[in-house]
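Undergrad: After the structure tokens below, expect a handful of questions from me.
Quick note: the coordinates plus some simple rules give every number you see, no bench work behind them. Just so it is clear, the model here is predicted, and its values are computed rather than measured. Positions of Cβ are generated from backbone atoms using ideal geometry, with glycine treated the same way; all protein chains shown enter the neighbour counts.
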Amino acid sequence: MISRDQAWSVLTEFTKSDSLRKHARAVEASMRAYAARYEEDPEMWGVAGMLHDFDYEMHPRAPHHPVKGAEILLSRGVPEPIVHAILAHADYSGVPRVSRLDRALYACDELSGFVHAVALVRPGRVITGLEPPSVKKKLKDKAFARTVNRDDVYRGAAELGVDLDAHIAFVIAALTEVAPEIGLART
């Protein structure tokens, strides 16, 4: 198993953008929270969240991301279930989401980024007090965070088998725990 420190080293080797590093940390936090909820391995789930986009700066276009990144991860000994989940988080990869880990990563990726974006435009860049209805309202605004695929957000919750409002609240809570690390204030 790759440790969190090793995963962070891989991430920082390939990802120089502060915003992508914060996204990786946000998805890691959401994945660790879901691992705890489902009594899964938080280290494995967290590493999957941290590394899911590590190759994005190098290969920003489909199908190279995440396929080329998966090759790098496998060559570095990252366990196959993590690599499979990373491949499966991109619909165009053709890799099916078969495990709960796969489905959780897909569900947490776009929503973590979107919740983070919503919190960034709040007064004081505060995540505390953010509620699912506010996030859902922003989801309807196609001009807001336009690169976030709304269909992925809805499909992610459905595939994970969770209510969208509950999923949004869960991700908000997970990101609140790491708010200072991802550029958000708690209060």
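Undergrad: Are there any pairs, at least 6 apart or on different chains, whose C-beta atoms fall under 7 Å, with the first in segment 72-98 and without any contact (Cβ under 8 Å) to a residue 24 or more places away in the chain and the second of a type outside the set (A, V, I, L, M, F, W, C) and assigned to a helix (DSSP H, G or I), and if so, which?
TA: Hits for this filter: H84/D102; L87/P66; L87/S93; A88/D102; A88/Y106; V95/H84.
Undergrad: Filter the helices (runs of 4 or more DSSP H) completely within segment 1-90 down to those with at least 1 residues that are buried (at least 17 other Cβ atoms within 10 Å of the Cβ) and of a type in the set (F, W, Y). Show your work before the answer.
TA: Working: elements: 4-14, 18-37, 42-51, 64-75, 80-88.
Those helices (runs of 4 or more DSSP H) span 4-14, 18-37, 42-51.
Undergrad: For segment 170-187, what are the residues that are small (G, A, S) and within 15 Å of the chain's Cα centre (by Cα)? Reasoning before the result, please.
TA: Just the residues of segment 170-187 that are small (G, A, S), to begin with: 173-174, 179, 183, 185.
Selection gives A173, A174, A179.
Undergrad: Moving to a separate point now. Please state which of the following conditions I127 fails to meet, knowing it meets all the rest: (1) crowded, with 19+ Cβ neighbours inside 10 Å; (2) out of contact with any strand residue (DSSP E or B) (no Cβ under 8 Å at 6 or more places or on another chain).
TA: Among (1) crowded, with 19+ Cβ neighbours inside 10 Å; (2) out of contact with any strand residue (DSSP E or B) (no Cβ under 8 Å at 6 or more places or on another chain), the lone unmet condition for I127 is (2).
Undergrad: Could you please give the count of residues in segment 81-97 that are within 13 Å of L51 (Cα to Cα) and of a type outside the set (A, V, I, L, M)?
TA: Final tally of qualifying residues: 3.
Undergrad: Under 7 Å between Cβ atoms, at least 6 apart or on separate chains: pull out the pairs that start in segment 108-133 with a residue that is within 17 Å of V178 (Cβ to Cβ) and end on any residue that is among the hydroxyl-bearing types (S, T, Y).
TA: C108/S30; C108/Y34; S112/S30; V118/S134; V126/T187; I127/T176; T128/T176; T128/T187
Undergrad: Mind listing whichever residues of segment 136-165 are among the aliphatic types (A, V, I, L, M) and touching a residue at least 12 places away in the same chain (Cβ under 8 Å)?
TA: Taking segment 136-165 as the starting set, the residues that turn out to be among the aliphatic types (A, V, I, L, M) are 139, 143, 145, 148, 153, 157-158, 160, 162, 164.
Selection gives L139, A145, V148, V153, A157, L160, V162, L164.
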